[in-house]
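Have a look at the structure below before the remarks.
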Amino acid sequence: MPGSLGGKTAVVTGGSKGIGYAVAEALAKADASVLITSRHEDEVRAAAERLDFCGSGTVAGIAADQREYADVQRMMAAATERLGGVDILINNAGVGKFAPIDQISVDDWRAVLETNLSGVFYCCREAIPLMRQRGGGWIINIGSLAGKNPFAGGAAYNASKFGLLGFSEAMMLDVRDQDIRVSCIMPGSVETHFGGNEPSAAGAWKIQPEDIAAIVMDLLAMNPRTLPSRIEVRPSRPRKG
């Protein structure tokens, strides 16, 4: 785990709950300044208020839909205005819509691909010049084991996560010589609100959001000469049947 991240700034998409909130909390506790985003104004405001007590850095929240490039531009402008720039970008926001290919709607297909892939591209495209201004940075994309393991009913989700993995690794090659590191964390089952689920004791066997946050913090503590570009994470004892 890293020591203090005082003086560092981070943007966390989908930061109002689940993995995003756990990562933002870990960053704030390490004294980083953090901007979290969510599509829902009330949720992002409440989460930012809770995070504001975690450390000595500045915490801000902004409602933004990363499917909209103008929203992403506004979000990154807010990070520059309120935090002074961007050192760390955690692309966590994502959606899942699951149905056989002839039954998934065009709107659901677009929502998944535009959130999970195009939205990440927009965020990275805007963040990279800001990282260059600060001498480098780290982009961590929250992918999924669905980015290498297709499953029935997962055509849209699989396509987005397969694409995210390829995007992440190509981007890593684009920016590694600029002292910008890129990693893609690929979890299996995580106990979150994803897909409309409610976390419960029955999901204790799953990866917990704080486990992913711990991996993020370990990455940030990595010696600059080393780059773990793809990290696969699974429950140790998955439920049988």
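For residues that are β-branched (Val, Ile, Thr) and crowded, with 23+ Cβ neighbours inside 10 Å, scanning just segment 64-111, find the one that is nearest to Met222 (Cα to Cα). First the steps, then the outcome.
Start the filter on segment 64-111 by keeping residues that are β-branched (Val, Ile, Thr), which leaves 72, 80, 86, 88, 90, 95, 101, 104, 106.
Then keep just the ones that are crowded, with 23+ Cβ neighbours inside 10 Å; that gives 72, 86, 88, 90.
Details: Val72: 28, Val86: 19, Ile88: 14, Ile90: 16 Å.
Among them, the one singled out is Ile88.
When Ala46 is evaluated against the numbered criteria (1) within 19 Å of Pro209 (Cβ to Cβ); (2) more than 15 Å from the chain's Cα centre (by Cα); (3) in a loop (DSSP other than H, G, I, E, B), which criterion, by number, is the only one it fails?
Evaluating Ala46 over (1) within 19 Å of Pro209 (Cβ to Cβ); (2) more than 15 Å from the chain's Cα centre (by Cα); (3) in a loop (DSSP other than H, G, I, E, B) leaves (3) as the failure.
Within segment 54-63, track down each residue that is over 17 Å from Gly7 (Cα atoms) and free of Cβ contacts under 8 Å to residues at least 40 places away in the same chain. First the steps, then the outcome.
The first filter runs over segment 54-63 and keeps only residues over 17 Å from Gly7 (Cα atoms), leaving 61-63.
Of everything in segment 54-63, those that are over 17 Å from Gly7 (Cα atoms) and free of Cβ contacts under 8 Å to residues at least 40 places away in the same chain turn out to be Ile62, Ala63.
Determine whether Val59 is of a type in the set (Val, Ile, Thr), surrounded by 23 or more Cβ atoms within 10 Å (Cβ to Cβ) and in contact with a Gly (Cβ under 8 Å, 6 or more places away or on another chain). Walk me through it before giving the result.
Values: of a type in the set (Val, Ile, Thr): yes; surrounded by 23 or more Cβ atoms within 10 Å (Cβ to Cβ): yes; in contact with a Gly (Cβ under 8 Å, 6 or more places away or on another chain): no.
The answer is no for Val59.
Table: residues versus (1) touching a residue at least 40 places away in the same chain (Cβ under 8 Å); (2) on the phi < 0 side of the Ramachandran plot; (3) loosely packed, with under 14 Cβ neighbours inside 10 Å.
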position	(1), (2), (3)
Pro209	yes, yes, no
Ile212	yes, yes, no
Ile215	no, yes, no
Pro228	yes, yes, yes
Pro235	yes, yes, no
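Do you know which of the residues in segment 59-77 that are in a loop (DSSP other than H, G, I, E, B), touching a helix residue (DSSP H, G or I) at 6+ places or on another chain (Cβ under 6 Å) and not aliphatic (A, V, I, L, M) is farthest from Leu27 (Cα to Cα)? Can you show your working first?
Restricting attention to segment 59-77, the residues satisfying the condition of being in a loop (DSSP other than H, G, I, E, B) are 64-68.
Narrowing the set further to residues that are touching a helix residue (DSSP H, G or I) at 6+ places or on another chain (Cβ under 6 Å) leaves 64-67.
Remaining after also requiring not aliphatic (A, V, I, L, M): 65-67.
Working: Asp65: 22, Gln66: 21, Arg67: 25 Å.
The selected residue is Arg67.
So, of the residues in segment 153-188 that are more than 16 Å from the chain's Cα centre (by Cα) and in a loop (DSSP other than H, G, I, E, B), which turns out to be surrounded by the most Cβ atoms within 10 Å (Cβ to Cβ)?
Once the filter is applied, the top-ranked residue is Gly154.
Laboratory data are not the source of any read-out in this text; all were calculated from the coordinates shown. Model, not experiment: these values are computed from the prediction. Neighbour counts are summed over all protein chains in view; Cβ atoms, including those assigned to glycine, are modelled from backbone coordinates with ideal geometry.
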